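Reviewing the structure listed below.
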Amino acid sequence: MFRVEAVDLRYVTVVDNHCHGILRSQRFEDLASWRRAFTESADPSMPREHVASTAFYRRLIRSLAAFFDCEPDEEAVFAARAEMEGSELTGALLRDADVEILLTDTGYPPPEEVLPGDELAELGRCRVEPMLRLETLMERLLAEHDSLEEVKEAFAAALDDVRGQGYVALKSIVAYRTGLAIRGWTGEEAEASLREFRRDAEERPARLAHKPLLDTLLHVAFAEAARQEVPVQFHVGYGDADTNLLLGNPLHLRAVLERPDYRGMPVVLLHECYPYTREGGYLAAVYENVYLDLSYGIPLLGYGEMLSFTREALGVAPISKLLYSSDGIGAPELHWMSAIDGRHVLGQALEELVAHSELSIPEAEAAGEDVLRGNAIRLYRLSSG
Ligand SMILES: [Zn+2]
């Protein structure tokens with residue numbers, strides 16, 4: 001490849017279009033419990049035995065050692081972070097990452113465990129905009145109302161004015177519950193599914209994973225989102241340990257994407273759909289209302305793999321459809337390192353487009369700024385500055 005001038009994105013602020021709250025308490029009793037923040041595995045032996053040998057974790061330790069100015073080993077880094085109070089650490093990392101706006105999914109972790117939005121904004125000298133998690137709202141309304149009709153009505157009413165309630169987007173985790181092949185169901189099928197949900201709720205806390213019922217309620221949300229032109233984020237691909245990754249392929253969304261009455265609903269495919277990045281990029285290339293999120297925090301990947309998904313996305317999707325995120329959750333290290341890595345990786349991948357005469361250097365820099373912040377500002381209608 002030709003050597004080209006560097007595409008330097010280090011001074012571009014980021015709009016993190018998908019992340020979660022940061023825990024108020026950053027006290028972890030030992031290394032293994034801190035490592036748990038850097039795995040999607042629910043198996044307790046993973047943080048003890050294997051997490052420390054991932055490429056992601058090794059990169060994290062080296063990056064943090066440079067930040068704390070300590071030895072590049074995990075004990076030294078863990079000791080250095082423990083010297084700081086939780087909110088002090090969070091503020092220092094967010095400011096160092098030069099975050100402009102965080103779009104947070106307030107559905108998880110529980111609000112009582114995380115720093116509230118206004119405090120987070122002050123600590124990070126950034127803006128924090130909340131997004132509404134649909135399944136959490138559905139579960140609450142299912143507990144408050146009896147019949148399916150009542151639940152649907154209450155759900156539509158709750159989503160009647162999404163922006164007016166202060167939310168910039170809706171978010172669905174249906175991929176983790178029943179998969180992305182969302183379809184239509186008859187009233188009878190949805191009623192039967194509701195009865196099954198009620199029976200299950202007698203035994204354990206209500207967890208909505210009843211496909212006909214969940215799909216039916218999602219269609220209520222899609223109609224509202226389309227009418228108000230509010231973006232809906234879908235978790236796609238690699239994520240929670242409970243996901244069936246076969247059902248998390250974004251191609252399953254075809255029935256929803258083909259609906260002409262939903263064309264007003266921007267659809268954001270999260271997590272670069274990893275490992276289905278090409279499928280997600282294809283959808284963003286074909287459907288006017290589909291956008292692809294590029295997350296550099298979670299999934300927890302090595303640098304080469306981040307570079308390769310960025311190449312895949314830039315290789316097929318319009319650059320105007322790509323959005324930066326961290327999917328950071330709980331520990332502020334994720335939000336921080338993602339911003340640093342995202343700028344690097346994106347700059348490197350854009351340099352390749354310059355080397356192939358696809359972009360000029362100024363075009364590549366403008367493209368980098370669009371992916372890191374501009375596209376999100378336009379899509380979510382966030383005024384900047
Ligand atoms: Zn997330």
Restricting to lysines and to Cα separations under 16 Å from K152, and discarding same-chain partners fewer than 8 apart, the set is K211
The chain, Gaussian network, Cα under 10 Å: of P111, P44, P231, the residue fluctuating most is P44
The helix 211-228 Cα axis meets the longest alpha-carbon principal axis of the chain at an angle in degrees, between 0 and 90 and rounded to 10, of 70
For region 241-300 the GluC sites (Glu not before Pro) that pass both the DSSP coil test and the at-most-13 other-Cβ-within-10 Å test are E258, E288
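For region 68-126, count the residues as N, evaluate 2.2 N^0.38 Å, and divide the Cα radius of gyration by that value, please. Write down the numbers at each step before the final one.
Details: Rg = 13.3 Å, N = 59, 2.2 N^0.38 = 10.4 Å.
Working it through for region 68-126, the quotient is 1.28.
Which of the chymotrypsin sites (Phe, Trp or Tyr not before Pro) across region 9-39 are loop residues per DSSP, with 16 or fewer other Cβ within 10 Å? Walk me through the numbers on the way to the answer.
On the way: sites: Y11, F28, W34, F38; in loops: Y11, F28.
In loop regions of region 9-39 (DSSP not H, G, I, E or B), the sparsely surrounded chymotrypsin sites (Phe, Trp or Tyr not before Pro) are Y11.
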With bins of 10 Å, the percent of all Cα-Cα pairs of region 134-190 per bin from 0 is 19, 46, 33, 2
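Hey, what's the per residue convex hull volume over the C-alpha atoms of region 263-385, in cubic angstrom?
Working: hull volume 13.4 nm³, N = 123.
Spelled out: Cα convex hull of region 263-385, divided by residues, is 109 Å³.
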Distance in nm between A82 and A157 label points, each 7 Å along Cα→Cβ, equals 5.2
Computed from every Cα-Cα pair in region 90-190, P(r) in 10 Å bins starting at 0 and rounded to whole percents is 13, 35, 31, 15, 6, 0
Any trypsin sites (Lys or Arg not before Pro) in region 5-43 that lie in a DSSP loop and have at most 14 other Cβ atoms within 10 Å would be R10, R27
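If N is the number of residues in the chain, what value comes out of its Cα radius of gyration divided by 2.2 N^0.38 Å?
Numbers: Rg = 20.8 Å, N = 385, 2.2 N^0.38 = 21.1 Å.
With N residues counted in the chain, Rg over 2.2 N^0.38 Å equals 0.99.
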With R₀ set to 35 angstrom, the calculated FRET efficiency between the beta-carbons of S357 and E305, to the nearest 0.05, is 0.85
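Suppose a student asked you for the relative contact order of the chain, using Cα pairs under 8 Å spaced at least 6 residues apart; what percent would you report? Write down the numbers at each step before the final one.
Details: 703 pairs, mean separation 85.3, N = 385.
Relative CO of the chain lands at 22 percent.
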Residue separation between D146 and E288 times 0.36 nm, minus their alpha-carbon distance, gives in nm 47.3 nm
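Quote the Stokes-Einstein diffusion coefficient, in whole µm² s⁻¹, for region 205-279, based on the Kirkwood radius over alpha carbon pairs, a temperature of 25 °C and a viscosity of 0.890 mPa s.
Numbers: Rh = 13.4 Å.
The calculation lands on 183 µm²/s.
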Measure of exposure for K321: accessible area at 1.4 Å probe, Å² rounded to 10, is 20
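Average the reciprocal distances over every distinct pair of alpha-carbons in region 149-267, invert the result, and give the Kirkwood radius in Å.
Value: 15.0 Å, from the Cα pair sum.
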The rounded separation in angstrom of the Cα centers of region 320-384 and region 203-268 is 25
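Can you give the alpha-carbon Rg of region 1-156 over 2.2 N^0.38 Å, where N counts its residues? Before the final figure, lay out the partial values.
Details: Rg = 19.7 Å, N = 156, 2.2 N^0.38 = 15.0 Å.
Rounded to two decimals, the normalised Rg is 1.32.
What Kirkwood radius, in Å to one decimal, follows from the Cα pairs of region 221-319? Could you put the intermediate results ahead of the total?
Details: mean 1/r = 0.0730 Å⁻¹.
Result for region 221-319, one decimal place: 13.7 Å.
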Rg/Rh over Cα atoms for region 24-66, Kirkwood Rh, comes to 0.97
Which of T104, T90, T136 fluctuates most in a GNM of the chain (C-alpha springs under 10 Å)? That residue is T136
Applied in sequence order to region 367-372, the curve 6.51 cos²θ - 1.76 cosθ + 1.60 (Karplus, θ = phi - 60°) yields integer Hz couplings, x standing for Gly and Pro, of 5, x, 5, 5, 5, 6
Calc'd 3J(HN,Hα), region 31-45, phi into Karplus 6.51 cos²θ - 1.76 cosθ + 1.60 (θ = phi - 60°), Hz, glycine/Pro = x, comes to 4, 4, 6, 5, 4, 4, 5, 10, 8, 9, 7, 8, 6, x, 6
Rounded to the nearest 10 Å², the 1.4 Å probe accessible area of M84 is 40
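The values are calculated or read from the model by the stated rules, or taken from the named source; none is laboratory data. Everything numeric here is computed off the predicted structure, so don't read it as measured data. Note that we place each Cβ from the backbone using ideal geometry, even for glycine, and neighbour counts take in every protein chain shown. Ligands, DNA and RNA are excluded from the accessible area calculation, which covers all protein heavy atoms including side chains. Shrake-Rupley method; radii C 1.70, N 1.55, O 1.52, S 1.80 Å.
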